[in-house]
Structure formats: structure tokens, C-alpha cells
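Working notes, structure below.
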Amino acid sequence: MAANFVRAPRYAHIVGWGKALPERVLTNSDLEAIVDTSDAWIRERTGIRERRIAGEHDTTVSLGFAAARQALEVADVLPAEIDLIIVATSTPEHIFPSSASLIQDALGATAAGAFDLSAACTGFIYALSMAAQAIISGSITTALVIGSETMSRLVNWQDRGTCILFGDGAGAVVLRASDIPGGILANVLHSDGSGRDLLNAPLVGSPDLGLRGNGEAAPFKMTMNGQEVFRFATRVIKESILEALEKAGLTLADVDWVIPHQANERIIARAAKSLDLPMERFIMNLDQYGNTSAASIPIAMAEAAERGDLRPNDTVVLVAFGAGLAWGATVLTWGVTPPPEQTRLNRYRREMAYFLARQRSNLVRTLRRLLSLLQLSPLRNVLRRLDHEEHTPTGGNNRGPAQ
Ligand code: COA
């Protein structure tokens with residue numbers, strides 16, 4: 001007989017946030033030396049003044065890891081408490097393993113599942129939606145959602161129509177279950193793959209790459225139809241904001257802040273006008289970072305939170321659009337569960353977890369290699385036990401909701 005009980009509703013709250021940006025700044029004037037363009041043209045057509053470019057040691061994983069550490073710090077959450085890590089990215093370090101798995105390993109988040117999500121510039125909205133649904137359904141308690149990109153390694157630096165737009169960086173949030181109403185209220189996700197040619201970057205396996213008979217591949221090449229993307233973006237920003245608000249049972253009058261994907265100031269201004277919302281309600285940082293694809297919304301959110309612009313109970317709408325075509329929006333109530341006072345002990349435990357994660361990863365990989373060389377099965381059992389212990393931390397997956 002089926003159990004007859006009613007589960008209390010669960011909500012998914014953002015309780016931590018962080019960002020990481022490479023140090024190297026590439027200004028519009030710097031770009032004048034690379035392609036036939038000008039500072040005035042770029043500023044007037046896009047609103048971008050400068051962008052950050054990954055240094056030799058910056059990667060999608062290292063930036064995502066740095067943003068994640070900050071988010072865990074704000075939330076005062078330990079790596080072992082994370083149940084799920086999703087990394088939204090179009091610039092993963094590998095086809096496999098996922099960047100999420102590498103970040104999981106670096107954090108020492110030994111109880112977490114991890115995967116990458118590909119929805120281009122809309123990736124963070126998709127990832128946030130997936131993580132929130134997993135929390136609301138009761139299957140997990142704590143999720144880390146990261147948008148991380150090294151777009152500078154994907155763009156064609158000979159194409160002035162695209163290379164001026166993009167930048168590198170990462171943003172992250174910690175989502176936690178709570179029985180307090182609020183948090184992520186509604187999501188809308190859309191896709192129209194017929195627009196595949198409007199914004200495209202082929203990868204291994206794509207016929208667009210023109211793999212030659214000898215296995216040699218043409219170099220990766222991003223292509224974009226700027227004007228079509230511009231038209232599409234202004235239309236879907238308005239549509240998806242209104243749709244998500246309706247789903248949340250709210251109206252434009254309830255909106256305190258919109259955090260849009262930072263692609264082009266003129267796109268946002270046009271959408272704001274068509275919604276009759278003042279630009280002051282739109283959180284913008286495009287002038288400093290350009291378009292950081294899936295990272296743009298969490299970076300802007302982290303900055304707005306750090307400035308204190310986002311206040312408890314504010315209604316915030318996130319909206320994104322990009323290659324796919326894919327687009328979507330999220331409506332959330334901010335700061336219903338304020339971050340706890342960080343304890344020094346937990347900070348120390350996190351630092352230890354990161355340190356031990358590095359040692360554990362190196363040790364396990366070395367042992368694995370050694371054992372496969374020696375084929376020693378008793379030692380394999382020791383290794384398996386070591387792995388198992390690491391995956392069953394105190395507290396496990398079935399903690400109650402955070403209050
Ligand atoms: N510097 C100087 N001139 C440039 C230039 C650059 N970086 N890029 C293009 N131009 C030139 C074009 O060659 C064209 O010259 P022509 O008239 O002699 O042919 C002229 O500027 C106008 O080009 P156009 O493409 O019509 O410009 P635009 O006003 O549409 O602006 C974009 C171009 C790319 C800035 C704009 O279309 C855009 O932002 N689209 C959306 C792109 C986007 O956001 N993509 C990511 C979505 S997630």
C-alpha cells in the first residue's frame with residue numbers, strides 16, 4: 001500500500017555567491033592593434049570598454065574553482081556537504097571528463113555528483129533551473145551552480161565582428177534547500193535549433209569542421225550573424241521575462257532587479273524600453289567584462305550582492321539568450337535565507353578540504369596507475385575502501401533542509 005503522507009514544500013535559496021576574473025585586461029584600444037576596429041565603434045555599438053583575458057594558468061576549471069570557493073565561503077558550506085555540481089560552459093577543458101568533475105575533485109566535494117551543461121550563454125539559467133528542481137523535488141539538499149568560460153580561446157581573433165565582444169571569467173552560486181518560502185520561484189527554458197547557423201562554434205564530430213580524410217581537422221571557428229542575433233535577443237528578453245513572471249504569479253511592477261546576460265548594451269536598452277522598465281533596474285557590468293557567456297549572470301549577481309544592491313525579499317529576474325538558439329528566464333526572491341555568520345572553524349575546515357583534495361587526488365591517481373601496472377588485487381581493495389570512505393562523509397546526502 002502506498003504511504004499516505006504529505007511532504008512539506010521545499011524551496012531552493014541562493015545562499016552563497018562568488019566570482020573570478022583573470023587579471024589581464026584587454027581594452028578596446030588594445031584591440032585596435034589586433035583587428036581593424038576602434039574604441040569609439042566598440043563602445044557605441046556594444047557598450048563594452050574592456051574585457052578580461054585568461055592568462056597562461058587560467059582555465060575554465062581554475063576560474064570556476066575560484067568562484068566556487070568564494071560562494072562556499074559566503075554560504076559557509078563545507079565541500080563535503082555539496083550534493084550536486086553543475087558547470088555551465090561552452091569552453092570546457094576536455095570533451096570528457098567534465099569541468100564539473102575536475103572542480104568537484106579540486107574542492108574535495110566527495111559526496112557530489114557533477115556534470116557540465118551546454119546551453120551557451122543561457123547555460124547558467126538552465127543549470128540553476130536543474131539544480132533548483134532537484135532541491136525542490138527533495139532529491140538533493142545543496143547544489144553548486146557555476147558558469148565558467150574562457151571564450152578568448154574560442155573566438156577567432158581575426159574576426160572583428162565577434163572577437164571584440166567576448167571575455168573570460170566565472171561566477172558561482174550555492175543553492176540550498178529550505179522550508180522558508182522564496183528562492184527560485186519560476187523558470188522558463190526555450191530552444192530553437194533551427195537558428196544553429198546564427199551563432200556557431202563546431203567541435204570534433206561536427207560535419208561543419210570538415211574533417212579531412214587524414215584525420216586533420218580545420219581549426220575551430222566561431223561564426224555569428226550579429227544582426228539576426230540582435231533581433232532575436234531583443235524579442236526573447238521581453239517574452240521570457242513576461243512568461244517567467246506570469247509563471248511566478250507576479251507582474252513587472254513586482255520586479256526590483258533584472259540581471260540580464262551581458263551581451264550588448266543596446267540589446268538590453270531596447271528590451272528595457274519595450275518592457276517600459278527603467279535601465280536603472282538592470283544590473284550591468286558589460287563595460288568591464290564584455291560577454292562572458294554562461295558566466296555573465298553569476299558574475300553580475302555576485303557583484304550586485306557584494307555592493308549590497310540586492311536586498312532581502314527583492315524580486316530578481318535573470319534572463320539570458322544565445323547560441324542554440326536557446327533562451328530562458330528565472331524569477332527569484334533574494335536573500336530570504338541570509339548567509340550565516342562564517343565560523344573560523346568552518347573556514348579552516350574548507351582550507352583543509354582543498355589541501356587534502358589535492359593530496360587525495362594525486363595519491364589515488366598514483367596508486368591507481370601503480371596497481372594497474374602491478375595488477376595487485378588485495379591492494380585494489382584497499383584503494384576501493386579509501387574511495388568509499390571518501391564518498392560517505394558524515395552528514396551524507398539526506399540532511400534536512402537548511403533553515
Ligand atoms: N569595428 C569596426 N567596424 C566593424 C566592426 C568592428 N569591430 N565589426 C563590424 N564592423 C563594421 C561592419 O563590417 C560593417 O561595415 P560596412 O557597413 O562597411 O559593411 C559595419 O561595421 C556595420 O556592421 P553591422 O554588423 O551592421 O554592425 P551592428 O551595428 O549590427 O553591430 C554587432 C555588430 C556584432 C555589435 C551587433 O550586431 C551585435 O551585438 N549583435 C548581437 C551579437 C551578440 O550579442 N552575440 C552574442 C549573443 S549571446
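The gain in end-to-end length when the residue 203 to residue 94 segment is fully stretched comes to 38.1 nm, 0.36 nm per residue minus the alpha carbon separation.
Taking 7 Å steps out from each Cα toward its Cβ at residue 223 and residue 196 produces label points 1.3 nm apart. Taking every pair of distinct Cα atoms and averaging 1/r, then inverting, what Kirkwood hydrodynamic radius in Å comes out for region 260-371? Kirkwood hydrodynamic radius for region 260-371: 17.5 Å.
If the segment from residue 7 to residue 34 were pulled out straight at 0.36 nm per residue, it would be longer than the present Cα-Cα gap by 3.8 nm. Of the Cα atoms belonging to region 13-69, the radius of gyration and Dmax stand at 15.0, 46 Å. Across all Cα pairs in region 51-161, the calculated P(r) in 10 Å bins from zero up to the longest distance comes to 15, 46, 30, 8, 2 percent per bin.
Carbon-plus-sulfur accessible fraction, region 95-166 (probe radius 1.4 Å, protein heavy atoms only): 58%. Considering only DSSP states other than H, G, I, E and B, which chymotrypsin sites (Phe, Trp or Tyr not before Pro) in region 77-171 qualify as loop sites with at most 16 other Cβ atoms within 10 Å? Answer by residue number: 157.
The length gained on full extension between residue 247 and residue 311, counted as 0.36 nm times the residue separation minus their Cα-Cα distance, comes to 20.8 nm.
If you count only protein heavy atoms with a 1.4 Å probe, what accessible area per residue comes out for region 1-96, rounded to a whole Å²?
Using a 1.4 Å probe on heavy atoms only, each residue of region 1-96 averages 49 Å².
Of the residues 150, 91, 251, the one that moves most in a GNM of the chain with alpha-carbon contacts below 10 Å is 251.
Using the Cβ-Cβ distance between residue 374 and residue 153 with R0 = 41 Å, the FRET efficiency computed as 1/(1 + (r/R0)^6) comes to roughly 0.60. Between residue 160 and residue 341, the FRET efficiency estimated from the beta carbon spacing at R0 = 35 angstrom works out to 0.10. Diffusion coefficient (Stokes-Einstein, Kirkwood radius over C-alpha pairs, 37 °C, 0.692 mPa s) for the chain: 149 µm²/s, rounded to a whole number.
The values are calculated or read from the model by the stated rules, or taken from the named source; none is laboratory data. The structure presented is a predicted model; accordingly, all values stated were derived computationally and were not measured. A quick note on method: Cβ atoms are made from the backbone with ideal geometry, for glycine too, and the neighbour counts reach across all protein chains shown. Just so you know, the surface numbers come from the protein's heavy atoms only, side chains and all, with ligands and any DNA or RNA stripped out. Shrake-Rupley method; radii C 1.70, N 1.55, O 1.52, S 1.80 Å.
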